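The values are calculated or read from the model by the stated rules, or taken from the named source; none is laboratory data. Please read these numbers as outputs of a predicted model, since none were measured by experiment. As a convention, Cβ positions derive from the backbone with ideal geometry for all residues, glycine included, and neighbour counts pool all protein chains shown.
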Number of protein chains: 2
Amino acid sequence: MKIDKVAVLGAGYMGSAITFPLSDNGITVNLWGTWLDDELIDRCKNGPHPKLKKLLPEPVKLFNSSKLEEALDGAQYLFIAVSSEGFLPVFDKALDHLEQECPVLTLTKGFIDDRGKVKRISKAAMDLFRNHSPDRELKWVSVGGPVKAVELSNLIPSATIYGAKHSNLLDSVKSFETDYYRIATFNDVAGVELSSAFKNVYAIGLGMCDGIYKTKNRKEYHNLCAILFSQSLKEISLIVEWSGGDEMAVWHLAGVGDLYVTARSGRNSKYGELVGEGTVPLEAYNMMLEDDLIVEGYDTLKLGMQWIQEKDERFIEKLPLLKALFNIIFHGYDSESELEQFVRGYPYSE
Amino acid sequence: MKIDKVAVLGAGYMGSAITFPLSDNGITVNLWGTWLDDELIDRCKNGPHPKLKKLLPEPVKLFNSSKLEEALDGAQYLFIAVSSEGFLPVFDKALDHLEQECPVLTLTKGFIDDRGKVKRISKAAMDLFRNHSPDRELKWVSVGGPVKAVELSNLIPSATIYGAKHSNLLDSVKSFETDYYRIATFNDVAGVELSSAFKNVYAIGLGMCDGIYKTKNRKEYHNLCAILFSQSLKEISLIVEWSGGDEMAVWHLAGVGDLYVTARSGRNSKYGELVGEGTVPLEAYNMMLEDDLIVEGYDTLKLGMQWIQEKDERFIEKLPLLKALFNIIFHGYDSESELEQFVRGYPYSE
């Protein structure tokens, strides 16, 4: 099937950046902004995207929040790139207008509090979908991997990983590939989704390490960073395996690749740095929020921990680094002594 | 068995740094320098180690090259930390004096040209050992993982991975652990050894990326680095598996952790940067050699490629990044266009 039209919900960084490779494939893209993005959508009509600082591709059609139905009209694929809090309300509305069988590809990461119960986004989406259409199966793709939106919009070579259950769905999404936007596919949603979510959490730990050593005026502590990096991936792989996913996702773009990028740059590691330097964790979160920087890893740590505890409280004991990060950020433990204690117990048996 | 005495052959960065955790365990360390290190050993007698810029621990006994027999006298464990070219001659001499059953732990990385045939160091060592003692089995440990020597000597928290065939040998080496020097163990030599060798090669590629984009005055190309980082580990895992090792080593300290550190800092990535900026690869190698910086990854790329080709020439086709690096460094191909071509073909099937 030739793909002519795709809708993208969410006009922030990633939703807007994905329009570049889609347009370069000759696809008409309907970009819809949420009620928070009405002004942004208006500005894109007459100038560069305010976050990407770049004109969106010519064929992209812009829709403000009141035009959801129009934006979805005729869309053969749907990308969702809203914030995790926005996901359920947006998806709920979209389901009223979505064509049957339209695959849903989500760039949203993290966990969702679905009326008091913490869920993976794919799970929350499927539960909602089942209410709407009890007899159909949601065609779901979790999009992960190391893609910074600004770089993608500047056509810096990027690779992403699309995780889905069915191979034919994965084959079809290869249509979105360009020379600079490469797509790897993976036959498991949980592996991709959980790697993408938790890498933001563990990037905080790596940033924390920078913050701690900065205050000591020390430049060389790579050995310690490597322990944290390696353990982060090990713990993500344990989480994926424990939740029934395929841990091989972790050893590919969604884990290894994405943690590498996220630790090198970005708001999560920056947040960790502030905490490592001694800023009170909640204050650091609010400081960044004032600059319009939502620290996703903070929210994912909170909800992710709750998600784990609801499933099996004892499992936390297998995740000493996650536990240390949680204690530092939500229980006020000292970052340096927590990390030191973590290292003294290293390596941990499974 | 209580460990009282250990010999370390090679008084460069790593051989000297390992004396810190050993001494802190109350072990008497005999540190022997090769014929290239006689002056260095003399200087250590009256002041700080010239490379580490630090006094060695009090209980370390220093031996110059003529005193190998004395250095080995009574040693219950032997660490070897000479260069890869020095490994066979030093090990050959050592075998004349070594106590029966003394385990050999090597920090030397890379490949060895053993009279025209390229071998993994462990293989070359075992062949040599068999000539000396046809009826005994060499107790061999490959030491890998992300440990920069200067940081270890400054007691920055570090973790290493010791790979060996037998569990009881691995259990015994846990005696070398301290609070700041953590030891993970792994039941496979090849996985640790090959990860440690090839991470130096792939770190060149990551540095190259820095060099290329520096010349374009671009600061943001993390997406591309992540592709290279992820593919590097994938290729190392393929190499390990192909050679009969356990690829899980790659997903632990020896691969993931060590590539992370090596890409962030060190001579291999620096070398790659020079090449990415346009310096002729051989010239860049020689420039660094003049500063006493041996680019191990360069030598490992040359010998490692030969090692692969001698075993099965077709296997190279499964390693497109390694092939690109080889073409750039040994065949004069342009780094930018080779990497671009690599990305255009990404992802690669196995």
- Tell me, yes or no, whether the stretch B:78-85 has at least one residue that is of a type outside the set (Gly, Ala, Ser), closer than 30 Å to B:Asp113 by Cβ and surrounded by fewer than 19 Cβ atoms within 10 Å (Cβ to Cβ). yes
- So which strands (runs of 3 or more DSSP E) are wholly in the stretch A:19-118 and hold at least 2 residues that are not hydrophobic (A, V, I, L, M, F, W, C)? A:28-32, A:111-114
- Query: For the stretch A:89-121, how many residues meet the condition of being of a type in the set (Gly, Ala, Ser), over 19 Å from A:Tyr77 (Cα atoms) and either outside the structural domain of A:Ala75 (by TED's automatic domain parsing) or crowded, with 20+ Cβ neighbours inside 10 Å (or both)?
  - Reply: 1
- Item | Complete set of residues in the stretch A:278-299 that are in contact (Cβ under 8 Å) with a residue 12 or more places away in the chain and part of a helix (DSSP H, G or I) | A:Pro281, A:Ala284, A:Tyr285, A:Met287, A:Met288, A:Glu296, A:Gly297, A:Tyr298, A:Asp299
- Note on the structure: Pairing a residue in the stretch A:165-190 that is facing chain B (nearest Cβ under 10 Å) with any residue that is aromatic (Phe, Trp, Tyr), where Cβ atoms lie under 6 Å and the two sit 6 or more apart in sequence or on different chains, gives A:Arg182/B:Tyr346; A:Ile183/A:Tyr162; A:Thr185/A:Tyr162
- Message: For the condition part of a helix (DSSP H, G or I) and touching a residue at least 60 places away in the same chain (Cβ under 8 Å), what is the one hit in A:Lys302, A:Lys270?
- Response: A:Lys270
- Query: Any residue at all in the stretch A:29-38 that is surrounded by fewer than 23 Cβ atoms within 10 Å (Cβ to Cβ), under 14 Å from A:Leu152 (Cα atoms) and of a type outside the set (A, V, I, L, M, F, W, C)?
  - Reply: no
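Sort out which residues of the stretch B:44-68 are more than 21 Å from B:Glu151 (Cα to Cα) and not hydrophobic (A, V, I, L, M, F, W, C), and write them in order of number.
Across the stretch B:44-68, the qualifying residues are B:Lys45, B:Asn46, B:Lys61, B:Asn64, B:Ser65, B:Ser66, B:Lys67.
Condition check ((1) within 29 Å of A:Asp312 (Cα to Cα); (2) surrounded by 19 or more Cβ atoms within 10 Å (Cβ to Cβ); (3) in the same structural domain as A:Gln306 (by TED's automatic domain parsing)) across all residues:
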| residue | (1), (2), (3) |
| --- | --- |
| A:Lys165 | yes, no, no |
| A:Thr178 | no, no, no |
| A:Ala197 | yes, yes, yes |
| A:Tyr221 | no, yes, yes |
| A:Leu238 | yes, no, yes |
| A:Glu241 | yes, no, yes |
| A:Val256 | yes, yes, yes |
| A:Leu259 | yes, yes, yes |
- Query: Among all residue pairs at least 6 apart or on different chains, which show Cβ distances below 6 Å where the first residue, located in the stretch A:137-160, is in the same structural domain as A:Phe91 (by TED's automatic domain parsing) and the second is buried (at least 23 other Cβ atoms within 10 Å of the Cβ) and in a loop (DSSP other than H, G, I, E, B)?
  - Reply: A:Val141/A:Ala164; A:Val143/A:Leu107; A:Ser158/A:Val147; A:Thr160/A:Gly145; A:Thr160/A:Val147
- Item | Matching residues, the stretch A:209-264, being over 24 Å from B:Ile161 (Cα atoms), within 9 Å of another protein chain (Cβ to nearest Cβ) and outside any helix (DSSP H, G or I) | A:Arg218
